[in-house]
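Structure first, commentary second.
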Amino acid sequence: MTTQTRILGTTGPQVSALGLGCMGMSALYGEADRAESVATIHAALEAGVTLLDTGDFYGMGHNELLIGEALRSAPAARREQALVSVKFGALRDPDGGWSGYDGRPAAVRNFAAYSLQRLGVDHIDVYRIARLDPAVPIEETVGAIAELVEKGYVRHVGLSEVGADTIRRAAATAPISDLQIEYSLISRGIEGEILPTTRELGIGITAYGVLSRGLISGHFTPERQLAANDFRAISPRFQGDNLRHNLNLVEALRKIAEQKGVSVAQSAIAWVLSRGEDVVPLVGARTRQRLTESLGALDVTLDAADLTAIEQAVPADAAAGDRYPAAQMSHLGTE
């Protein structure tokens, strides 16, 4: 069991040093095995992982129901240690399409009511809108979450994929525990303005995409055929010349990992862990095997020479292709 913990900002909860991102168990990466997904959540809790991350729109509620099932069937001691972080606000349709985001206070309360029911819990540990609603000031959305905190339905207010100005406005409205945002060896955009801002304000980082959706896991090959319902089939970084270029970066990283006797994934996760005690990586393991590999990163120590070698092999801005298709990039408050 891992006992390594970190604190989400100056006002947030103490959590395991690695969190489990559960999205892939329900959506966007092709079919997943429900029994294996539940077993993976149980294995994570048994290993000391306390932070489970989800979104109410992952599989249109499927992911929250899955987590609820896993929590109900977990031993009481493990269930009680779990903290659930929920993103809300994305509008979906029956065809699986996306229709923007809704951050109105009435919508915040509505989304929360449904999440509490699906998860089978009496409170959500960290609650955040997934993307900024351009029609609603962040002060109104965050203020509505703060009201849920006052009523006991939410413990902490989080943010997701917003820029420095929005972070400041949100923090002036209510205490913010953490910003959830993509951060990996090949997605380092937050290092310019966003990370200094969160550190100034005492806000933690929960980093998703630490393996760039499997791209830098060491397991992805150019021959892999992606299902039509796999997000990566339309992701720019997984297309043609971009993919070949990016996998060459992975091979450079592999040489360093092999010298240390660790896997590519472990070296990439360890790099994110090395960014600071205020950064908590979320690993999107869908199986117990991948979870075990990811947790092994906690035992990897990267010294100054290791970090230099890794960043020479995979320099900042070295990746080819945006991290989302153009239509989705337009929803990011950070680009």
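Within segment 210-245, the residues that satisfy the criterion of being at positive phi, part of a loop (DSSP other than H, G, I, E, B) and either of a type outside the set (Ser, Thr, Tyr) or touching a Phe, Trp or Tyr at 6+ places or on another chain (Cβ under 6 Å) (or both) are ARG213, GLY214, GLY218.
Those helices (runs of 4 or more DSSP H) of segment 28-90 in which at least 3 residues are on the phi < 0 side of the Ramachandran plot and among the β-branched types (Val, Ile, Thr), considering only elements entirely within it, cover 34-46. When restricted to residues that are touching a residue at least 60 places away in the same chain (Cβ under 8 Å) and open to solvent by less than 20 Å² (accessible area, probe 1.4 Å), segment 131-171 contains 6.
Checked against the criterion of being under 26 Å from PHE238 (Cα atoms) and either open to solvent by 40 Å² or more (accessible area, probe 1.4 Å) or under 16 Å from the mean Cα position of the chain (by Cα) (or both), segment 115-130 contains one or more residues that satisfy it. The helices (runs of 4 or more DSSP H) found wholly in segment 247-328 and carrying at least 3 residues that are among the aliphatic types (A, V, I, L, M), on the phi < 0 side of the Ramachandran plot and open to solvent by less than 20 Å² (accessible area, probe 1.4 Å) occupy 264-273. Somewhere in segment 66-89, is a residue open to solvent by less than 30 Å² (accessible area, probe 1.4 Å), hydroxyl-bearing (Ser, Thr, Tyr), more than 24 Å from GLU161 (Cα to Cα) and in contact (Cβ under 8 Å) with a residue 60 or more places away in the chain? No: zero hits.
The set of residues in segment 31-66 that are hydrophobic (A, V, I, L, M, F, W, C) and over 11 Å from LEU20 (Cα atoms) comprises ALA32, ALA35, VAL38, ALA39, ALA47, PHE57, MET60, LEU65, LEU66. Scanning segment 8-27 for residues that are part of a strand (DSSP E or B) and touching a Phe, Trp or Tyr at 6+ places or on another chain (Cβ under 6 Å) gives a single hit, GLY21. Screening the candidates ALA233, ALA174, ALA207, ALA227 for the property of being of a type in the set (A, V, I, L, M), in contact with a strand residue (DSSP E or B) (Cβ under 9 Å, 6 or more places away or on another chain) and open to solvent by 30 Å² or more (accessible area, probe 1.4 Å) yields one hit, ALA227. The residues of segment 189-204 that are touching a residue at least 24 places away in the same chain (Cβ under 8 Å), open to solvent by 40 Å² or more (accessible area, probe 1.4 Å) and not in a helix (DSSP H, G or I) amount to a single one, GLU193. Filtering segment 164-209 to residues that are of a type in the set (Val, Ile, Thr) and modelled with pLDDT of 95 or more leaves THR166, ILE167, THR173, ILE176, ILE181, ILE190, ILE194, THR197, THR198, ILE203, ILE205, THR206.
Screening GLY59 with (1) within 18 Å of the chain's Cα centre (by Cα); (2) open to solvent by 20 Å² or more (accessible area, probe 1.4 Å); (3) closer than 20 Å to ALA43 by Cβ gives one miss only, at (3).
The values are calculated or read from the model by the stated rules, or taken from the named source; none is laboratory data. Keep in mind the model is a prediction, meaning the values are calculated, not measured. Reconstructed Cβ throughout: ideal geometry from the backbone, glycine too, with neighbour counts over all protein chains shown. These area figures cover heavy atoms from the full protein model, side chains too; ligands, DNA and RNA do not enter into them. Shrake-Rupley method; radii C 1.70, N 1.55, O 1.52, S 1.80 Å.
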